[in-house]
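Worksheet: the structure to be examined is printed underneath.
The values are calculated or read from the model by the stated rules, or taken from the named source; none is laboratory data. Just so it is clear, the structure is predicted and the values come from calculations on it, not from any experiment. So basically every Cβ, Gly included, is an ideal-geometry build from the backbone, and we count neighbours across all protein chains shown.
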Amino acid sequence: MEEASFDSRTCPNPNCQCGTRCSCGTQCTCGYRTIDPAKEFIIAAIEEMRVWVILMSEHAKFIRMGLDPNPLQEEFFRMADQFAVQLEQLHHTILQTSYNSSSQILIQLREQTIHKVNQLIRFKKQLLELTQQCQALAILPDILEDHIRREADRFVGTLERSKGHMTKSRKQLGIPNGEVMASTVPRFLYHRLSKEELYKVAIEEILFFSQVNSEHAHHLSMTFRPGVQEKYRQTALMFQEDFAGQLAQAEEVNQAGTGIENLLRNSYKLSSSFDQYLRGLLSEITTCTIPTKQTNFPPLLADHMHRETVYYMDILDRLKR
């Protein structure tokens, strides 16, 4: 059985009174019955897969939609379409698989996911290189192609970390101090981390998602219709600047070594406001009440960003506990 490099003696009960480290075995003195650590690690990976596999499928759909549909690019279109379909099918399988399934079944699902997403990462990298060299034509900005590659790398990193492996550098995730290996701890394993490890995770996640959300807002600002949707564009630009400011604040906190609690609160507040904006935007688009009744981006993109923001808010909420 695979083992992850976490303290297996930590009681997961948030109301436990015996301290952050205990040696209570399978049943804590507080009455909480723990699960087998190895099973807990794979379940934590499955929780990440439940969120991210469908997001990976949507990445492939956005690539498919952004490719120029000339006959010479039919292969790229078909590859993107194949990734979208296969990942959506994989997501359905994950949702249908019970946590009570054998560890072998759950591990096989995790390995299948790692393999498929790594293939998608290679495709994203190849497409980015080809568009930069003008050997592939698309309406996919370079920053967007790199953006979805970074998200895929972080996702694979969380799955590998559930096996005890740190496989992604900060450089691969696009955050400062690039030669250092990123933690990429699945959020359902935060309770097993020491205070120092949790601090490192908090800084990395805020750096990563502040950059991601700044890019989300920037992309939205470029795709609203000129003039008639100017109000929405200006709000998106405001969020782009606010998340860039959050990124700078995270770097300052990391340098100073203090202020993490305030940073977590501010990050959650900003993300909550951005999520409200995205949900309102999605509602106006799907009910055709936005000016001109349409936008120059699909409604799925706003919903996609909303779900990523909710995921990030869940991370922040767990880090604040």
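Identify, by number, the condition in (1) over 30 Å from Leu282 (Cβ atoms); (2) modelled with pLDDT of 95 or more that Glu205 doesn't meet.
(1)
Restricting to region 126-145, name every residue that is surrounded by 15 or more Cβ atoms within 10 Å (Cβ to Cβ) and part of a helix (DSSP H, G or I).
Across region 126-145, the qualifying residues are Leu127, Leu128, Leu130, Thr131, Leu144, Glu145.
Given the conditions (1) of a type in the set (Ser, Thr, Tyr); (2) under 13 Å from Gln246 (Cβ atoms); (3) over 17 Å from the mean Cα position of the chain (by Cα), and given that Thr286 satisfies all but one, which numbered condition is not satisfied?
Every condition holds for Thr286 apart from (2).
Are any residues in region 54-92 modelled with pLDDT of 95 or more and in a strand (DSSP E or B), and if so, which ones?
Once the filter is applied, which keeps residues that are modelled with pLDDT of 95 or more and in a strand (DSSP E or B), region 54-92 yields nothing.
Restricting attention to region 159-209, which residues are within 24 Å of Glu145 (Cα to Cα), of a type in the set (Gly, Ala, Ser) and touching an Asp or Glu at 6+ places or on another chain (Cβ under 9 Å)?
The answer is Ser169, Gly174, Ala182, Ser183.
Show the residue pairs that are 6+ apart or on different chains and have beta-carbon atoms under 6 Å apart, the first residue being within region 105-116 and more than 14 Å from Ile43 (Cβ to Cβ), the second being outside any helix (DSSP H, G or I) and not acidic (Asp, Glu).
Here the result reads none, with nothing in region 105-116 linked to a residue that is outside any helix (DSSP H, G or I) and not acidic (Asp, Glu).
For region 156-190: of the residues being farther than 17 Å from Leu120 by Cβ and of a type in the set (Gly, Ala, Ser), which is surrounded by the most Cβ atoms within 10 Å (Cβ to Cβ)?
Ser162
What pairs come up if the first residue lies in region 300-321 and is in contact (Cβ under 8 Å) with a residue 12 or more places away in the chain, the second is surrounded by fewer than 15 Cβ atoms within 10 Å (Cβ to Cβ) and not in a helix (DSSP H, G or I), and their beta carbons are under 8 Å apart, counting only those six or more places apart or on different chains?
Arg321/Pro14
Could you list, in sequence order, the residues of region 111-124 that are farther than 12 Å from Phe83 by Cβ and under 18 Å from the mean Cα position of the chain (by Cα)?
Within region 111-124, Thr113, Ile114, His115 meet the criteria.
Return yes or no: is Ala202 outside the structural domain of Ile46 (by TED's automatic domain parsing), closer than 19 Å to Arg279 by Cα and among the small types (Gly, Ala, Ser)?
no
So which of Arg225, Arg170, Arg265 ends up being among the basic types (Lys, Arg) and not assigned by TED's automatic domain parsing to the domain that holds Ala302?
Just a single option satisfies the conditions, and that option is Arg170.
With respect to the numbered conditions (1) assigned to a helix (DSSP H, G or I); (2) under 19 Å from the mean Cα position of the chain (by Cα); (3) touching a residue at least 12 places away in the same chain (Cβ under 8 Å), which one is the sole condition not fulfilled by Ser183?
The failed condition is (1).
Please state which one of Gln234, Gln294, Gln229 is over 27 Å from Phe188 (Cβ atoms), crowded, with 17+ Cβ neighbours inside 10 Å and among the polar types (S, T, N, Q).
Gln229
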